[in-house]
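What follows is one structure encoded as structure tokens, with my remarks underneath.
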């Protein structure tokens, strides 16, 4: 299965085996890099280390691109004149872009190690978080672990009954049927009659009633079984749509996050190449010639200066949503691909709460609650667990049509919507809320979307990833890992390889 999924680009360990060999760089060869996100800074670092002359042009006054952590004092500027001031307490933050690192993203983990970025565990799946349906169970959230154990138990019971009555004779031998029944009984926690019912055995997996957990001594010490949720209720609630979310290959435990916020990775790269970056530079034109590339830029904001950079080669990490609108001297095929690539819409909210009530009141330490409400998810911070201070929740992570609905709202309207929905799961929201921000990625002027969405990588992807004369693209959109920082780094390293091969061959 893994082999088949890998061949389709759905599941694969990162192919990273270390940076490319760039020995023999021609003396005096220059490269201009457009964009100081992770891809741009990684490319610049490796090229400079190999002896190339490198410059970086960056639209923003900060480096990191979507590797972006919002902290108190930051300001978000969106299209339409919307502005949000981040008022989080000292030390509190929200990773408004990428927020987790899979253990098999080898390039990103290697660069974190090489650049001394401390990592800590990110909690993806938490059996004590919630699944929530507005139409079932009275609109009350259900513990994820309860629903998972009961769903597995229910469908296992059905399969065991079918096997016991000989309904699977054509598919399973008699001997294997006996083994199958034994395994189902064990895996589904079924009784001797192959039923999934309330018992101390099932309570070991789904959990105990609030007042019936195992204790010590004599007073209320004996455990009590908890009552499973009926299979038909679970089916109708459609919780099964969520139960595989945390088991995809990309989310296999363990996962990690940088201590202090994802932007610590960007800061580490910036320490290496910050002196190469020209900030507040809006690229307006790229012209290619037989001997090099010329890039014109103007100030992105008042007070800056424009200019022109000439180099032998150009590595461009500007997302296609923006790049397709610029005067770029590339082949008609490349321009067509730039214009056609769609980017996912997405909205993320960060909510600071005065008290970590999800830990104190509900014993939820990290993990994610999933709901059919428009906010889709609530993520619980994995840092500073058990602390007495405030904490920042991921109050919403929205894709699809609902993201466009939020896109049409003002930031204050979005925040009110997120709070009103979140309190349906956590009634403490209003009393504990301190401050919050809600970002619509389609309104971010230097992105105009969240991450790339290739319908068919085929020939168009090959065009996008291949050097066009002296111009080559890099970023998560030039990878089979869209939306992940690993894809950005691997793409950058491949762009560096192509530049080096062209430079040394000439």
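Can you find a residue in the stretch 182-196 that is on the phi < 0 side of the Ramachandran plot and in contact with a strand residue (DSSP E or B) (Cβ under 9 Å, 6 or more places away or on another chain)?
No, every residue in the stretch 182-196 fails to be on the phi < 0 side of the Ramachandran plot and in contact with a strand residue (DSSP E or B) (Cβ under 9 Å, 6 or more places away or on another chain).
Out of (1) touching a strand residue (DSSP E or B) at 6+ places or on another chain (Cβ under 9 Å); (2) surrounded by 20 or more Cβ atoms within 10 Å (Cβ to Cβ); (3) not in a helix (DSSP H, G or I), what's the single condition that is false for residue 424?
Of the numbered conditions (1) touching a strand residue (DSSP E or B) at 6+ places or on another chain (Cβ under 9 Å); (2) surrounded by 20 or more Cβ atoms within 10 Å (Cβ to Cβ); (3) not in a helix (DSSP H, G or I), the odd one out for residue 424 is (2).
Can you tell me which residue within the stretch 389-405, out of those that are in contact (Cβ under 8 Å) with a residue 12 or more places away in the chain and farther than 26 Å from residue 125 by Cβ, is farthest from the chain's Cα centre (by Cα)?
The selected residue is 405.
Test residue 493 against the stated conditions and say whether it is part of a loop (DSSP other than H, G, I, E, B), in the same structural domain as residue 47 (by TED's automatic domain parsing) and crowded, with 17+ Cβ neighbours inside 10 Å.
For residue 493, the condition - part of a loop (DSSP other than H, G, I, E, B), in the same structural domain as residue 47 (by TED's automatic domain parsing) and crowded, with 17+ Cβ neighbours inside 10 Å - is not met.
Kindly establish whether residue 477 is more than 22 Å from residue 16 (Cα to Cα), under 21 Å from the mean Cα position of the chain (by Cα) and assigned to a helix (DSSP H, G or I).
So residue 477 does not fit the description; no.
Determine whether the stretch 234-253 contains at least one residue that is over 30 Å from residue 60 (Cβ atoms), free of Cβ contacts under 8 Å to residues at least 24 places away in the same chain and touching a helix residue (DSSP H, G or I) at 6+ places or on another chain (Cβ under 9 Å).
yes
If you check 167, 147, which single one turns out to be under 26 Å from the mean Cα position of the chain (by Cα) and either free of Cβ contacts under 8 Å to residues at least 24 places away in the same chain or part of a helix (DSSP H, G or I) (or both)?
Answer to the selection: 147.
Any chance you could count how many residues in the stretch 439-469 are part of a loop (DSSP other than H, G, I, E, B) and touching a residue at least 60 places away in the same chain (Cβ under 8 Å)?
Total meeting the criteria: 12.
Of all residues in the stretch 212-258, which are surrounded by 13 or more Cβ atoms within 10 Å (Cβ to Cβ), over 21 Å from the mean Cα position of the chain (by Cα) and closer than 22 Å to residue 377 by Cα?
233, 234, 235, 237, 238, 239, 240
From the list 418, 472, exactly one residue is touching a residue at least 24 places away in the same chain (Cβ under 8 Å), surrounded by 21 or more Cβ atoms within 10 Å (Cβ to Cβ) and in a strand (DSSP E or B). Which is it?
After applying the criteria, what remains is 472.
The values are calculated or read from the model by the stated rules, or taken from the named source; none is laboratory data. Bear in mind the structure is a predicted one, so any value in this text is a computation, not a measurement. Don't worry about glycine lacking a Cβ; one is built from the backbone with ideal geometry, like all the others, and counts go over all protein chains shown.
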